[in-house]
Amino acid sequence: MQHSREGLLAVHAAVLIFGFTALFSKLIALPALDINFYRSVFAFFAIVLFVAYKKQSYLLKRRQDYLMAGLLGVLLAAHWVSYFYAMQVSSVAVGVIALYTYPVITVFLEPLFHGEKPHIVDIVSSFAVLFGIYLIVPEFSLDNDMTIGIIAGVFSAFMMSLRNIMQRRYFSAYPASQALLYQTLIVALVLLLFVENEVAMVTEGQWWQLLVLGIFFTALPHTLFAHGLIHLKAKTASLIACVQVIYASLFAALLLSEIPGLNVIFGGFIVIAVAMIETMPVAVRDRLFFLVRARSGFR
């Protein structure tokens, strides 16, 4: 019971911090790519110290694991940059809602690694998510920033899903801190090639913001979430993670005066409801689906 409570507190704290992390896309007046480059640098050094404190090894077991760590780092870089860009061009609420299409994307991607087909429930869920996104999109035009934000957010969700699946399948033998150590290093090295602003152009205030983002809003919540997973089932942690949308939207409304419209609220409710359903055990999802189908008279 004590371990379960400890796991719940760790995951809830991580999700709360992740909800505030989204605000840095607007608080730091730098391009999304630059923010995540400096973020990854500070996060990397923080994790180096944490790994040393835990007396874990810095080395991987096999040569091919270094290649996998590199690929996971590239996927994480694409996820972080597109996620922050989505919120910069649209709003925090829209960016986070678009990101939470990842549970549905995951259930379509994961069977490809096992040679399986998606369940009927997953297909229905995908249509529900598409309808939720449809309600949010003001117009299907690349000239509209909201539309661009949603596209970038869904792309970020795709990168996140692919990275999570591959890490779980090919890199699960390593502690989360060791995996994040290499991934943040790769993120920094990849984004270094594309940084727009030189170090001298970053103001003192921005340096402090980036430091806080990298240590307290990247390394810390990832470590807390990984610690929570030791004591909780992944499904439980994923359900709790859905609350991040509420936290991020609430913080954005209070601190950035970003009040979401009714279409965003309603569309977001559909997306998050589906995300929560997709993180339930398969047996529970199937039972819920067939119960709804029976009540509605649909055959």
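Every number in this text was worked out from the coordinates using simple rules, so none of it is lab data. Not measured: the values here are computed from a predicted model. As a convention, Cβ positions derive from the backbone with ideal geometry for all residues, glycine included, and neighbour counts pool all protein chains shown.
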Notebook entry, point to check: Can you tell me which residues in region 66-105 are within 20 Å of Thr147 (Cβ to Cβ) and either without any contact (Cβ under 8 Å) to a residue 12 or more places away in the chain or in contact with an Asp or Glu (Cβ under 7 Å, 6 or more places away or on another chain) (or both)?
Noted result: Val89, Ser90, Ser91, Val92, Ala93, Val104
Next item on the list: All but one of (1) surrounded by fewer than 22 Cβ atoms within 10 Å (Cβ to Cβ); (2) closer than 23 Å to Leu193 by Cα; (3) hydrophobic (A, V, I, L, M, F, W, C) hold for Leu27, so report the exception by its number.
Entry: (2)
Note to self: Checking the conditions here, which among Phe158, Phe171, Phe131 is closer than 24 Å to Phe269 by Cα and touching a Leu at 6+ places or on another chain (Cβ under 9 Å)?
What the structure shows: Phe158
Item checked: Every residue from region 136-183 that is under 30 Å from Ser57 (Cβ atoms), without any contact (Cβ under 8 Å) to a residue 40 or more places away in the chain and of a type in the set (Gly, Ala, Ser) -> Ser172
Checklist line | Boolean, Leu67 is more than 26 Å from Gln244 (Cα to Cα) and either assigned to a loop (DSSP other than H, G, I, E, B) or not aromatic (Phe, Trp, Tyr) (or both) | finding: yes
Next item on the list: Might you check whether a residue that is of a type in the set (S, T, N, Q), in a helix (DSSP H, G or I) and over 30 Å from Ile259 (Cβ atoms) occurs anywhere in region 183-200?
Entry: yes
Notebook entry, point to check: Can you pull out the residues in region 93-137 that are surrounded by 14 or more Cβ atoms within 10 Å (Cβ to Cβ) and not in a helix (DSSP H, G or I)?
Noted result: Tyr100, Thr101, Pro118, His119, Val137
